[in-house]
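Okay, structure first, notes after.
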Amino acid sequence: MASETKDYSRYFDFSDAVVSEDERGKRIRIGGREIFIMSEPNYRRERQRGKEEVRVLYEEAVPEELRSFGKGKKYLIQTYGCQMNEHDTEVMKGLFEQMGFEWTDERREADVILLNTCAVRENAEDKVFGELGHLKSLKLEKPELVLGVCGCMSQEESVVARILQKYAYVDLVFGTHNIHRLPVLLRDAYFGKEMVIEVWSKEGDIIENLPKKREGMRAWVNIMYGCDKFCTYCIVPYTRGKERSRLPEDVIAEVRELARQGYREITLLGQNVNAYGKDFTDRDYRFADLMADLSKIDIPRIRFTTSHPRDFDDRLIEVLARRGNLVEHIHLPVQSGSTEILKRMGRKYTRESYLELVRKIKAAIPDVVLTTDIIVGFPGETEEQFEETLSLVREVGFDSAFTFIYSPRAGTPAAEMEDNVPMDVKKERLIRLNELVAELSKRANEKLRGQVVEVLVEGRSKNNPNVLSGRTRTNKLVHFEGPAEWIGSFVHVRVTDPQTWYIKAEPVRQETGAVS
Ligand code: 5AD
Ligand code: SF4
């Protein structure tokens, strides 16, 4: 499949298919389908990091004349990938609803279906192409359906080329930098017969004031966009552009408003939250300062994801150690336990410096729960190097980990590296690693037996409606019996039966800690 994806990028030159061109864009025709390309992805430009200033714009994203455009129409967004994508979907939902659209879960009822895609690994991409294949018959039955692709995959040259060639029934392709343009693009796709493509290969300005449709009691808050780390395996710096931090006053105002609305927990989002503020030219204000300011707001729990070990500084550790609403859980992706592999991954830290950081964090926050991301089977990874990962995982004692087999991403440096590790060896390493992670997770949960923990009750368990489900400050999943009225409140429970991936518990006293 990797070679198939690569092949398409070679065919991105559609110059013989151009029908007309003006300052708005160019029209091309492929297999009878007209396509209007306003702008297209370009890896070379995505890789560049310029000094241009990023402006912060406070805009009305839905023009007055489009406010009732969606009246009587329904939309559906299928979201793949990380929390950043989930949150982008919340923004798009906000935009749709300001246009008068109504959400539906039922594809056959939808007038617009968007796939908000993920490019981080090949299997995520395969799922989307599979889904587009399934949607073909619906589109044939219902030609007026607007079918759109957005998110990280749209930022890839090879993906857009493949859509043009094989999935020409798609109506709209836009990227991660121009979500705020959704209303206008949707109108163009609706009224025109042609496929509309607008993918910016350069990140634009930060747009504030976009509507967001959040659900539940936990909210995501973006604090920065993009990534400048360029780990050699990772596509994100290309698909999400350069690091741009939101202004602290905008983040603080948003969190205050969420507190006022009664949200119980917020998660600060960024590809590399520890780089927050590095791009400010007018002030010296970093992630630790933001956390210190947010900790004063009356919201019970604040989390963040994802942090890069390289920029995790002492001041941040000191602020987190004050606790309060800053929870004692840190997701700290390590990726590998071998200094040699880390070097080739471009991670800019060593096994030793990672372990030293962990030591400092544990000294300041002794009951901290650490979780991580690990890639196995990076090009050329030897058995010994993999065993270094196992030993690091054991030494740190992670409570859980997201583990992945390395997936080559076209356009990244690692995709050009020679890889002599057979797939069955990679799979076997993943199994060994997962067994170790399960063992550690079970052991960590076992330590909680008999203890009382605070749980934010999120809803009913999927498998048993009499059982409630929630999370501890350390993000552990807890199941216990209780009335539905507790949903949305904090309850203290005693751990009775720890499992590997969740904890069974019983409420201590009904009134304890229950916040209404
Ligand atoms: N192959 C496998 N895993 C990857 N990740 C990022 N890029 C790749 C890739 N090319 C993993 C990293 C990252 C997580 C979000 O996804 O572990 O932390
Ligand atoms: Fe990708 Fe590395 Fe940036 Fe994380 S820090 S998004 S792994 S490039």
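The values are calculated or read from the model by the stated rules, or taken from the named source; none is laboratory data. The structure presented is a predicted model; accordingly, all values stated were derived computationally and were not measured. All Cβ positions, even for glycine, are placed from backbone atoms using ideal geometry, and neighbour counts span all protein chains on display. Calculation scope for accessible area: heavy atoms of the full protein, side chains included, ligands and nucleic acids excluded. Shrake-Rupley method; radii C 1.70, N 1.55, O 1.52, S 1.80 Å.
Determine if the stretch 241-248 includes at least one residue that is within 16 Å of ligand 2 (Cβ to nearest atom) and part of a helix (DSSP H, G or I). No; the residues of the stretch 241-248 include none that is within 16 Å of ligand 2 (Cβ to nearest atom) and part of a helix (DSSP H, G or I). For residue 420, the conditions (1) surrounded by 14 or more Cβ atoms within 10 Å (Cβ to Cβ); (2) part of a loop (DSSP other than H, G, I, E, B); (3) polar (S, T, N, Q) are fulfilled apart from (1). Looking only at residues in the stretch 215-230 that are within 18 Å of residue 298 (Cβ to Cβ) and open to solvent by 10 Å² or more (accessible area, probe 1.4 Å), the one that is farthest from ligand 2 (Cβ to nearest atom) is 217.
Of the residues making up the stretch 201-214, just one is of a type in the set (S, T, N, Q) and open to solvent by less than 30 Å² (accessible area, probe 1.4 Å), namely 201. Residues that are surrounded by fewer than 21 Cβ atoms within 10 Å (Cβ to Cβ), closer than 26 Å to residue 405 by Cα and among the polar types (S, T, N, Q) occur in the stretch 231-250; there is at least one. Counting only strands (runs of 3 or more DSSP E) that sit wholly inside the stretch 138-240, those with at least 2 residues that are under 19 Å from the mean Cα position of the chain (by Cα) are 146-151, 206-208, 218-222. Report whether or not residue 36 is touching an Asp or Glu at 6+ places or on another chain (Cβ under 7 Å), open to solvent by less than 30 Å² (accessible area, probe 1.4 Å) and not in a loop (DSSP other than H, G, I, E, B). Yes: the conditions hold for residue 36.
A Cβ distance below 7 Å, combined with a sequence gap of six or more or placement on separate chains, defines the contacts here; from the stretch 343-364, residues that are without any contact (Cβ under 8 Å) to a residue 24 or more places away in the chain reach residues that are within 16 Å of ligand 1 (Cβ to nearest atom) and not charged (D, E, K, R) in the pairs 350/342.
Summed over the stretch 15-65, residues that are touching a Leu at 6+ places or on another chain (Cβ under 7 Å) and more than 24 Å from residue 182 (Cα to Cα) total 1. From the list 482, 450, 459, the lone residue that is open to solvent by less than 20 Å² (accessible area, probe 1.4 Å) and touching a residue at least 24 places away in the same chain (Cβ under 8 Å) is 459.
Being in a loop (DSSP other than H, G, I, E, B), away from ligand 2 (no atom under 15 Å from the Cβ) and touching a residue at least 60 places away in the same chain (Cβ under 8 Å) is the filter here, so list the residues in the stretch 369-409 that pass it. Within the stretch 369-409, just 399 meets the criteria.
For every residue, the table says whether it meets (1) at pLDDT 95 or above; (2) buried (at least 22 other Cβ atoms within 10 Å of the Cβ); (3) within 16 Å of residue 356 (Cβ to Cβ).
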| residue | (1), (2), (3) |
| --- | --- |
| 305 | yes, no, no |
| 316 | yes, yes, yes |
| 322 | yes, no, no |
| 325 | yes, no, no |
| 331 | yes, no, no |
| 335 | yes, yes, no |
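Residues in the stretch 230-269 that are within 16 Å of ligand 1 (Cβ to nearest atom), touching a helix residue (DSSP H, G or I) at 6+ places or on another chain (Cβ under 6 Å) and at pLDDT 95 or above: 5 in all. Looking only at residues in the stretch 462-490 that are closer than 12 Å to residue 505 by Cβ and not in a strand (DSSP E or B), the one that is nearest to the chain's Cα centre (by Cα) is 476.
Counting the residues of the stretch 127-151 that are touching a residue at least 40 places away in the same chain (Cβ under 8 Å) and surrounded by fewer than 18 Cβ atoms within 10 Å (Cβ to Cβ) gives 2. Scanning the stretch 95-126 for residues that are among the hydrophobic types (A, V, I, L, M, F, W, C), within 26 Å of residue 241 (Cβ to Cβ) and open to solvent by 10 Å² or more (accessible area, probe 1.4 Å) yields 118, 120, 124. All conditions in (1) modelled with pLDDT of 95 or more; (2) more than 16 Å from ligand 1 (Cβ to nearest atom) hold for residue 191, with the sole exception of (1). Each residue in the stretch 350-379 was checked for being under 17 Å from residue 231 (Cβ atoms) and open to solvent by 20 Å² or more (accessible area, probe 1.4 Å), and 4 pass.
Note on the stretch 291-315: residues that are more than 20 Å from residue 83 (Cβ to Cβ) and either of a type in the set (Phe, Trp, Tyr) or not in a loop (DSSP other than H, G, I, E, B) (or both) amount to 5. The conditions are (1) modelled with pLDDT of 95 or more; (2) exposed (fewer than 14 other Cβ atoms within 10 Å of the Cβ), and residue 511 fails exactly one of them. Which is it? Result: residue 511 fails condition (1) only.
Only a single criterion out of (1) closer than 15 Å to residue 84 by Cβ; (2) in a helix (DSSP H, G or I); (3) open to solvent by 40 Å² or more (accessible area, probe 1.4 Å) is not satisfied by residue 257, namely (1).
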